[in-house]
1. Quick check: at a probe of 1.4 Å, how many percent of the accessible area of the chain sits on carbon and sulfur atoms?
2. Run the 1.4 Å probe and let me know the accessible area of E125, rounded to the nearest 10 Å².
3. Leaving out ligands and nucleic acids, note down the accessible area per residue over the chain with a 1.4 angstrom probe, in whole Å².
4. Which whole-Hz ³J(HN,Hα) couplings does region 82-98 yield from phi under the Karplus relation 6.51 cos²θ - 1.76 cosθ + 1.60, θ = phi - 60°, glycine and proline marked x?
5. Grab the Cα-Cα distance for V18 and A88, subtract it from 0.36 nm times how many residues apart they are, and report the gain in nm with one decimal.
6. Along the charge dipole of the chain, Cβ charges K/R +1 and D/E -1, which of A39, S61, N143 sits furthest on the positive end?
7. The chain: Rg/Rh from Cα coordinates, Kirkwood Rh?
8. Taking every DSSP beta bridge that has both residues in the chain, what percent is antiparallel when rounded to the nearest 5?
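The values are calculated or read from the model by the stated rules, or taken from the named source; none is laboratory data. Nothing here was measured: the structure is a model prediction, and the numbers come from that model. Cβ: placed from backbone, ideal geometry, glycine included. Neighbour counts: every protein chain shown. Quick note on the areas: whole protein, heavy atoms, side chains included, nothing else; ligands and nucleic acids left out. Shrake-Rupley method; radii C 1.70, N 1.55, O 1.52, S 1.80 Å.
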Amino acid sequence: VTPVRATVASRRRQTFTVTFTPTSAGNKPASLVITHSAARNPLTISLQGVGVQQGPVIQISTPSLSVDNATVGTVVKRTFTAANTGDAPLIISRMDITGQGATQFKASPASATVLPGQTQVFTLEFRPTVSGTIQAALEIIHNAPGGRSTVSVQGTAAAGTLASSGGGGGGGGPGDII
């Protein structure tokens, strides 16, 4: 209640603000008791509020991930987080990578439970098998409103360099990518 104390002149009014901040779901009855110097002291006002459970709320750290300067045959990793800003466990049941370049990416872990106020770190691996710019979408399937969140993913890969198979102390054997 604000203000906590007030002096009100004769024939004047004072507005008080009562804030309701439930910590759990359900009916929350209360009483506001105002002690004053006028007749009918104290004044008791019945209050009623209903706490509603919000459920899980997902917040992804980035709408897109990009990997540049990768080489065909290598693995480059990027991380992102999923935070649960709600008041119930967030269940990420799976992650699907879709689109033309889907086979060039892998996300882990594939599923997770994120408690309220916590975050989970995920890793996106770019494993290019061809050179060029490769695009896909990472779909995160979860129990928060909307049921899915999407992160755009893109990787750019260059062909590897073949090592010489001749002598001379070079690294690698025939056809090795270095």
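1. Working: 5790 of 11450 Å².
Using a 1.4 Å probe with all protein chains present, the chain comes out at 51 percent carbon and sulfur.
2. About 20 Å², rounded to the nearest 10.
3. Values: 11450 Å² over 178 residues.
Accessible area per residue, the chain: 64 Å².
4. Running phi through 6.51 cos²θ - 1.76 cosθ + 1.60 with θ = phi - 60° gives 10, 9, 9, 9, x, 10, 9, x, 8, 10, 9, 7, 6, 10, 10, 10, 10 Hz.
5. Details: separation 70, 0.36 × 70 = 25.20 nm, distance 2.66 nm.
Result for the pair: 22.5 nm of gain on full extension.
6. Of the candidates, A39 comes out farthest on the positive side.
7. Numbers: Rg = 29.7 Å, Rh = 21.5 Å.
Radius of gyration over Kirkwood radius for the chain works out to 1.38.
8. Details: 45 of 51 bridges.
The answer is about 90 percent antiparallel.
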